[in-house]
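Colleague: I have a structure here, written as structure tokens, and I will follow up with some questions on it.
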Amino acid sequence: MHEFSQRSTYPVPVEALFAWHEQPGAFLRLSPPWDAPEVLRQEGGIRDGAQVVVRVHAGPVPTTWHIEHRDYIANRQFRDVQREGPFAQWVHTHRFEALEPSVSALEDHIAYALPLGALGDTFGRNFVHDTLVRVFRYRHAVLAGDIARHAAYANRPRLTVAITGASGFIGRQLAAFLSTGGHRVLRIGRGPVVPGHTDISWNPDRGQLDASALEGVDAVVHLAGASIAERWTSAHRAAIKTSRVESTSLLAHTLAKLSRKPRVLLSGSAIGIYGAQRDEELTERSALGSDYLADVGKAWEGATEPASRAGIRVVHLRTGIVQGAAGGALAKQLPLFKYGAGGPLGDGTQWLSPIALDDHIGAMHFCLWQDTVQGPVNLVAPTPVTNAEFTRTLADVLDRPAVLPAPAFALRLALGREMADSTVLASQRVVPAVLQAAGFTWRHPTLADMLRFELGLA
């Protein structure tokens with residue numbers, strides 16, 4: 001048997017640290033995004049007999065883990081024991097210790113045996129050890145960050161938050177994060193109600209939304225909308241706009257008519273609303289663009305007007321390029337860059353405005369609580385970069401060359417001129433003036449910071 005341990009301290013009582021792990025979103029928050037974890041089944045919490053089945057995409061062949069929780073002692077420990085999976089044996093003990101009334105420690109201890117006996121030890125021991133270092137460094141960093149963000153509002157009542165798009169790249173992490181803070185999450189989705197998956201049913205295409213299920217919720221976060229990353233056929237152009245505008249209109253009208261209205265609506269938007277602006281620094285007060293995505297953004301934000309008129313605080317989440325290893329633009333670029341086939345897009349001079357997924361989640365959480373924040377909010381990091389800078393930084397983080405540019409004409413041929421010019425070739429130098437003025441703190445303010453964190457290379 002081999003052993004691995006990592007221990008960290010946290011500025012919260014041991015009861016709070018343990019309670020974080022008992023929440024349904026804890027497993028997802030702690031799962032390394034670069035392995036694209038997929039929870040196939042989760043039964044119970046962390047008490048004895050609870051089980052998790054997860055598929056991990058670490059390498060060319062996905063691996064399925066079947067984990068059972070055992071030896072639960074409140075505020076002291078619980079164990080994860082592999083029933084089926086890639087190891088000959090695997091026992092993960094989570095140990096909790098009260099150091100002071102408001103300081104506690106977590107130690108993750110792994111006892112494991114590799115498959116194939118001596119052969120597995122010879123070829124796999126160093127790889128597994130290095131992987132565990134990477135994974136648990138990430139896990140402890142996530143835990144520290146989440147606890148700090150929740151602690152900032154620990155004296156405020158817990159919220160009931162309804163989320164559209166909760167199964168998406170951003171929505172899944174937001175729902176998980178909120179649950180670890182003790183908030184109640186209601187997922188708004190299509191199809192029948194399935195608790196824990198779809199809590200409130202809606203069909204924006206037919207104007208259907210169960211209004212009674214929204215009575216008394218404290219906040220709504222609206223993230224649903226068709227992806228812009230598919231080729232812009234005439235049908236998909238229509239879907240991009242209608243999926244945003246019609247769903248937002250339905251939601252805003254429904255909320256406005258409730259007897260017990262939410263205090264705040266965070267509604268999705270995007271920095272594409274500014275259009276292509278070359279080198280101009282863009283704040284929330286900057287002029288808006290006139291191309292297709294800008295027009296979509298203006299109609300999207302305008303559709304929230306019924307909620308605003310009804311006295312609901314509305315925040316327009318003008319999202320930049322979200323950096324997350326499990327989805328979005330970064331996940332599409334990684335395979336090319338890992339094989340040394342990455343490079344600048346076009347001439348590389350166009351500005352990009354990225355934000356770490358972790359900070360995007362934190363910024364939405366911040367906006368839920370800050371009563372003075374309303375209207376447009378740029379969800380970007382404080383440091384925009386050019387595409388050439390992005391290329392160099394990602395290549396440096398991965399320790400790979402990046403010398404294969406994608407010329408503008410090739411991108412226009414592949415994507416269509418309008419899509420290429422409005423997305424990968426568009427220049428948008430956006431800064432988060434509202435968040436900065438309100439006192440938001442980024443955990444990953446620079447591109448190198450966010451890439452190293454999301455890829456487990458910090």
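Every number here is computed from the coordinates shown, using simple stated rules; none is lab data. Note that the structure is predicted; figures quoted are calculated from it, not measured. All Cβ positions, glycine included, derive from the backbone under ideal geometry; neighbour counts span all protein chains shown.
Colleague: Residue by residue, what Karplus-based ³J(HN,Hα) values in Hz, rounded to whole numbers, does region 285-300 have, using 6.51, -1.76 and 1.60 with θ = phi - 60° and x for Gly and Pro?
Modeller: 8, 5, 5, 8, x, 10, 8, 4, 5, 5, 5, 4, x, 5, 5, 4
Colleague: Could you sort 185-191, 101-107 so that the peptide with the highest average Cβ count within 10 Å comes first and the rest follow in order?
Modeller: Put in order of decreasing packing, that is 185-191, 101-107.
Colleague: Run the helix sum for the chain: -39,500 (n - 2.57) per DSSP H stretch of 4+ residues, divided by residue count, reported at 222 nm to the nearest 500 deg cm²/dmol.
Modeller: One gets -11000 deg cm²/dmol as the mean residue ellipticity at 222 nm.
Colleague: For region 267-413, list log₁₀ I(q)/I(0) at each q in 0.14, 0.17, 0.19, 0.20 Å⁻¹, using the Debye formula over Cα point scatterers of equal strength and ignoring solvent, two decimals each.
Modeller: The calculated log intensity ratios at q = 0.14, 0.17, 0.19, 0.20 Å⁻¹ are -0.76, -1.05, -1.22, -1.30.
Colleague: Could you tell me the number of lysine pairs in the chain with C-alpha atoms less than 27 Å from each other, where the two lysines are 8 or more residues apart or belong to different chains?
Modeller: Step by step, the pairs that qualify in the chain add up to 6.
Colleague: Restricted to Cα positions, what overall size does the chain have along the principal axes? Three whole-Å values, descending.
Modeller: 63, 58, 40
Colleague: Classify region 130-265 from the C-alpha gyration tensor, please: rounded if a/c falls under 1.5, else prolate or oblate depending on whether a/b exceeds b/c.
Modeller: In terms of gyration-tensor shape, oblate.
Colleague: Once amide H atoms are placed 1.01 Å from N in the peptide plane, what residues at a sequence separation of 5 or more from Thr319, or on another chain, have their amide H within under 5 Å of its amide H?
Modeller: Ser269, Ala270, Ile271, Leu379
Colleague: What full-extension length gain, to one decimal in nm, is calculated for Asn155 and Glu38 as 0.36 nm per residue of separation minus the Cα-Cα distance?
Modeller: 38.7 nm
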